[in-house]
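Undergrad: There's a structure below that I have some questions on.
The values are calculated or read from the model by the stated rules, or taken from the named source; none is laboratory data. Every value quoted in this text rests on a predicted model; they were computed, and no experiment measured them. Neighbour counts run over all protein chains shown; Cβ positions are idealised from the backbone, glycine included.
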């Protein structure tokens with residue numbers, strides 16, 4: 001059975017990296033920064049469970065940030081010593097540098113699809129209408145932050161193709177912020193529903209821009225499920 005060069009390379013690269021790491025680990029043992037142990041013990045129905053590292057759950061605290069920075073210094077000091085690292089980086093970059101398209105979706109007479117020119121961190125969402133001379137950018141996730149730490153984590157289109165609900169997350173967080181964008185103007189209508197997925201991103205036909213904004217505002221106060229039931233009782237029964 002024939003094996004392509006790229007397939008062979010993808011199998012060899014991890015082996016090369018592991019071998020380089022093994023050589024380094026034999027000559028330069030790592031000295032990890034100390035991690036504070038707190039006196040935290042929970043009593044669960046008579047069973048005591050220690051949780052000495054709970055303070056690390058607060059990723060916004062100064063102590064946790066300092067701990068992460070110290071760990072990163074150790075990690076990158078180790079990685080930078082790997083002799084083949086730059087060759088591996090160059091080869092992987094070459095393998096990833098090709099144009100690719102996402103599966104197109106049609107809504108309301110418009111076609112939506114993603115496109116990556118090759119080395120973009122995130123694919124760009126494009127839209128083209130029946131009478132449009134060429135596609136245009138509807139949402140470029142790479143422009144959401146200068147340092148590239150904000151990622152597009154979800155999208156949902158209205159059935160008439162006029163509205164796009166999209167969520168973003170920061171620095172790999174599981175927390176999401178949903179927003180609503182007008183497809184025609186390319187402008188955001190409102191910041192929507194922080195920290196959870198609103199059920200009405202499965203847009204019903206009768207959802208207008210005004211109702212979308214109202215749903216977001218109401219969810220901030222009452223929660224997603226209650227707001228869904230009050231504004232869209234028919235939809236909430238279908239999703240229950």
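Undergrad: Which residue, of 96, 122, is within 26 Å of residue 68 (Cα to Cα) and under 20 Å from the mean Cα position of the chain (by Cα)?
TA: The match here is 122.
Undergrad: So residue 60 clears everything in (1) modelled with pLDDT of 90 or more; (2) within 27 Å of residue 174 (Cα to Cα) except one condition, right? Which one?
TA: Result: residue 60 fails condition (1) only.
Undergrad: Additional query: Report whether or not residue 197 is surrounded by 17 or more Cβ atoms within 10 Å (Cβ to Cβ), assigned to a loop (DSSP other than H, G, I, E, B), touching a helix residue (DSSP H, G or I) at 6+ places or on another chain (Cβ under 9 Å) and at pLDDT below 90.
TA: No, not satisfied.
Undergrad: OK, next. Is it true that residue 69 is free of Cβ contacts under 8 Å to residues at least 24 places away in the same chain and within 30 Å of residue 36 (Cα to Cα)?
TA: So residue 69 fits the description; yes.
Undergrad: If you take just the strands (runs of 3 or more DSSP E) that sit entirely in region 130-185, which of them hold at least 3 residues that are in contact with a strand residue (DSSP E or B) (Cβ under 9 Å, 6 or more places away or on another chain) and more than 17 Å from residue 106 (Cβ to Cβ)?
TA: 150-157, 163-170, 177-182
Undergrad: Looking at region 168-183, I want the residues that are touching a residue at least 60 places away in the same chain (Cβ under 8 Å) and have a partner that is surrounded by 16 or more Cβ atoms within 10 Å (Cβ to Cβ) with Cβ atoms under 7 Å, at least 6 apart or on another chain. Which pairs are those?
TA: That search, which allows pairs on different chains as well, returns 183/110; 183/127; 183/138; 183/161; 183/162; 183/163; 183/164.
Undergrad: Looking at region 106-119, which of the residues that are under 21 Å from the mean Cα position of the chain (by Cα) and surrounded by fewer than 16 Cβ atoms within 10 Å (Cβ to Cβ) is nearest to residue 185 (Cα to Cα)?
TA: It comes out as 115.
Undergrad: Can you name the condition, by its number, that residue 36 falls short on among (1) at pLDDT 95 or above; (2) outside any helix (DSSP H, G or I); (3) out of contact with any helix residue (DSSP H, G or I) (no Cβ under 9 Å at 6 or more places or on another chain)?
TA: (3)
Undergrad: Would you check which residues across region 72-99 are in a loop (DSSP other than H, G, I, E, B) and touching a residue at least 24 places away in the same chain (Cβ under 8 Å) and list them?
TA: 81, 82, 83, 84 - these are the residues of region 72-99 that are in a loop (DSSP other than H, G, I, E, B) and touching a residue at least 24 places away in the same chain (Cβ under 8 Å).
Undergrad: Among the residues of region 214-237, is there at least one that is at pLDDT below 85, more than 26 Å from residue 104 (Cα to Cα) and within 18 Å of the chain's Cα centre (by Cα)?
TA: No - not one qualifying residue is present in region 214-237.
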